[in-house]
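The values are calculated or read from the model by the stated rules, or taken from the named source; none is laboratory data. Note that the structure is a prediction, hence the values are computed from the model and not measured. Quick reminder, even Gly has a Cβ in these numbers, built from the backbone with ideal geometry, and neighbours come from all protein chains shown.
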């Protein structure tokens, strides 16, 4: 089953783009995290991008670093993350679920074992923040053998050769970086991404979702107007978790409102 | 695509966000062009000679070794301007920064030696330096923090994670991701993504080249062994590079065993670590079974790093170099011995290499020439050593 293709087809019919929230699995703990992820889905998220916490997240700004620290601090392991994903998948068979993580977590288990675990847990895609296209071949081959889509990143500074490679190798979706730097809501995405999106279209890349610095509905609207197939919002989502750690019902409520408002901005 | 090999066997590579690939390619290109540019080389050589004080001396120890069959030489990188070998490659990379038209330098530092070297080179060459340093290290290394600031560098304490070198590297990489257009990341050791391990080796290889020339002049033959400490591995690769193709020369890298490699408190990435990816390279790292990076430990801040340069991982696997380890106590003992017997106060890092060389000297049964890379001087460590040894050094 190609859940991304089905999602994009459905959204095309609705004349809308995708809204994809990101949270760290196990932030602040597994039990709350399961409630958070459920809330995101119930509030209208089209797909999910989920992190597995890593000790040294070099592509992440302070917000997501702290989410990793909270999750690791509560004892979250990759195995616990996969168990949670399996429960989510059993409950929601159709929503595309992507993982976003770092290479050492994949290698520690053995690449094939890791992708097999992801496949068993119903994961649709894996994006490895510190594996550029130049190092990606063996990861892509392993992903393919497990029916998982390896997500590639299109940065604003990419060369033509990189865009060409994305065209040849991308599947699922393409993670389009809204700006340089690391993740975080402090620095807004640089709009318009239109010229990058044109380049991706010209090389037949998988549909672009714009991420990095997306924190409000106006940015989602702008991303979709610029031709993106949708928008990913990580740090803004995680900030809501971080600011409601002592009141989970209020956290879930705030997340629900945020996701509905972001989703409402995806109409074309 | 890359013009140079990015890997040493399976080790090394470029495991960084896609965003940083253009900056690494630009660096590789600048390095290759500079290599063949007589003007660049003349300026680099002139800085090394007239500013930093190369070639450094090679000293035959007089009183340290009791075994009459052994001659133990010290390659005196401690005499280099800045107080450690670090100045060599920093000058090279600072010149590359200017060549690339960049005006700012980002660096990480643990003990502060690479930070000090970066600060001095940036002061000299008119570059703006910002140096990330773990918050704990900022506290432990106050004199070096002051030195950096005195020379005009901005020192930024890093609170995240363990507040040590590994976290400073993370933060430097994050800064670079946002500012690669105008800033060069001046990585301080022979680790990290390609092309850093190669550039750092090439800009330190004069250590081994001078050693070869000096030992040929004094002894008329190559040494039997060269010994160097290994944290990330820059001074060791600089010493080894010119001897890799000389099979008669043993290459010995000494990792920090901390409180013992049977405990969790050590930094022996090759000796006790497993293969994985940290800071852009596939190499030996200290990690738990899930792949989370573990914190390293050593009495010597400069060796306190949970990974190692990828070429060392390769040299270990193919058996060309041997990697051993020395505890805090053994290093502290060598530190005091060199002071008392030869009037030289070595860095705690270099004391690890010396400690192992002294064991080799004791055990030698044939005529043996050993060269230790005395990679730095120990002034920076005095405060720390006083805290540990107290008045035990009296008498």
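List of remarks:
- Lone unmet requirement of (1) part of a helix (DSSP H, G or I); (2) within 14 Å of chain B (Cβ to nearest Cβ); (3) surrounded by fewer than 24 Cβ atoms within 10 Å (Cβ to Cβ); (4) at pLDDT 95 or above for residue A:75: (1)
- Residue within segment B:304-313 that is over 27 Å from residue B:139 (Cα atoms) and more than 17 Å from the chain's Cα centre (by Cα) present: no
- Filtering segment A:37-65 to residues that are modelled with pLDDT of 95 or more, part of a helix (DSSP H, G or I) and over 15 Å from the mean Cα position of the chain (by Cα) leaves A:38, A:39, A:42.
- Complete set of residues in segment B:360-373 that are part of a helix (DSSP H, G or I) and either in contact (Cβ under 8 Å) with a residue 24 or more places away in the chain or within 22 Å of the chain's Cα centre (by Cα) (or both): B:360, B:361, B:362
- The residues listed here are B:98, B:7; of these, the one that is surrounded by fewer than 20 Cβ atoms within 10 Å (Cβ to Cβ) and within 14 Å of chain A (Cβ to nearest Cβ) is B:7.
- Restricting segment A:147-169 to residues that are farther than 26 Å from residue B:181 by Cβ and surrounded by fewer than 19 Cβ atoms within 10 Å (Cβ to Cβ), the residue that is nearest to the other protein chains (Cβ to nearest Cβ): A:169
Okay, residues lined up against (1) away from every other protein chain (no Cβ under 11 Å); (2) touching a residue at least 60 places away in the same chain (Cβ under 8 Å); (3) more than 12 Å from residue A:30 (Cβ to Cβ):
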residue	(1), (2), (3)
A:83	yes, no, no
A:89	yes, no, yes
A:100	yes, yes, yes
A:106	no, no, yes
A:109	no, no, yes
A:115	yes, no, yes
A:118	yes, no, yes
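- Checked against (1) away from chain B (no Cβ under 13 Å); (2) farther than 22 Å from residue A:9 by Cα, residue A:172 passes all but a single condition, namely (2).
- Count of residues meeting criterion [surrounded by fewer than 24 Cβ atoms within 10 Å (Cβ to Cβ), away from every other protein chain (no Cβ under 12 Å) and outside any helix (DSSP H, G or I)] in segment B:165-200: 0
- Scan of segment B:287-304 for residues that are within 14 Å of chain A (Cβ to nearest Cβ) and under 15 Å from residue B:167 (Cβ atoms), ordered by number: B:292, B:293, B:294, B:295, B:296
- Those residues of segment B:331-350 which are in contact (Cβ under 8 Å) with a residue 60 or more places away in the chain and either part of a helix (DSSP H, G or I) or surrounded by fewer than 22 Cβ atoms within 10 Å (Cβ to Cβ) (or both), in sequence order: B:331, B:337, B:338, B:341, B:342, B:344, B:349, B:350
- Only one of B:276, B:238, B:231, B:280 that is away from chain A (no Cβ under 14 Å), surrounded by 20 or more Cβ atoms within 10 Å (Cβ to Cβ) and within 30 Å of residue A:136 (Cα to Cα): B:231
- Residue ranges of strands (runs of 3 or more DSSP E) in segment A:78-197 with at least 1 members over 20 Å from residue B:19 (Cβ atoms) and either more than 14 Å from the chain's Cα centre (by Cα) or modelled with pLDDT of 95 or more (or both): A:97-101
- Within segment B:67-85, the set of residues being assigned to a loop (DSSP other than H, G, I, E, B), farther than 14 Å from residue B:378 by Cα and in contact (Cβ under 8 Å) with a residue 40 or more places away in the chain comprises B:67, B:69.
- The residues on offer are A:1, A:7, and the sole one that is part of a helix (DSSP H, G or I), more than 14 Å from chain B (Cβ to nearest Cβ) and surrounded by fewer than 24 Cβ atoms within 10 Å (Cβ to Cβ) is A:7.
- Test: residue in segment A:212-229 that is within 14 Å of chain B (Cβ to nearest Cβ) and at negative phi: no
Okay, residues lined up against (1) touching a strand residue (DSSP E or B) at 6+ places or on another chain (Cβ under 8 Å); (2) surrounded by fewer than 20 Cβ atoms within 10 Å (Cβ to Cβ); (3) within 26 Å of residue B:175 (Cβ to Cβ):
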{"site": "B:2", "(1), (2), (3)": "no, yes, yes"}
{"site": "B:14", "(1), (2), (3)": "no, no, yes"}
{"site": "B:17", "(1), (2), (3)": "yes, no, yes"}
{"site": "B:24", "(1), (2), (3)": "no, no, yes"}
{"site": "B:31", "(1), (2), (3)": "no, no, yes"}
{"site": "B:34", "(1), (2), (3)": "no, yes, yes"}
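- Being more than 14 Å from every other protein chain (Cβ to nearest Cβ), touching a residue at least 24 places away in the same chain (Cβ under 8 Å) and more than 20 Å from residue A:257 (Cβ to Cβ) is not true of residue A:19.
- Filtering B:147, B:221, B:212 for residues that are more than 14 Å from chain A (Cβ to nearest Cβ), crowded, with 20+ Cβ neighbours inside 10 Å and within 30 Å of residue B:354 (Cα to Cα) leaves a single hit, B:147.
- In segment B:21-36, the residues that are more than 8 Å from chain A (Cβ to nearest Cβ) and either touching a helix residue (DSSP H, G or I) at 6+ places or on another chain (Cβ under 9 Å) or at positive phi (or both): B:23, B:24, B:27, B:28, B:30, B:31, B:33, B:34, B:35
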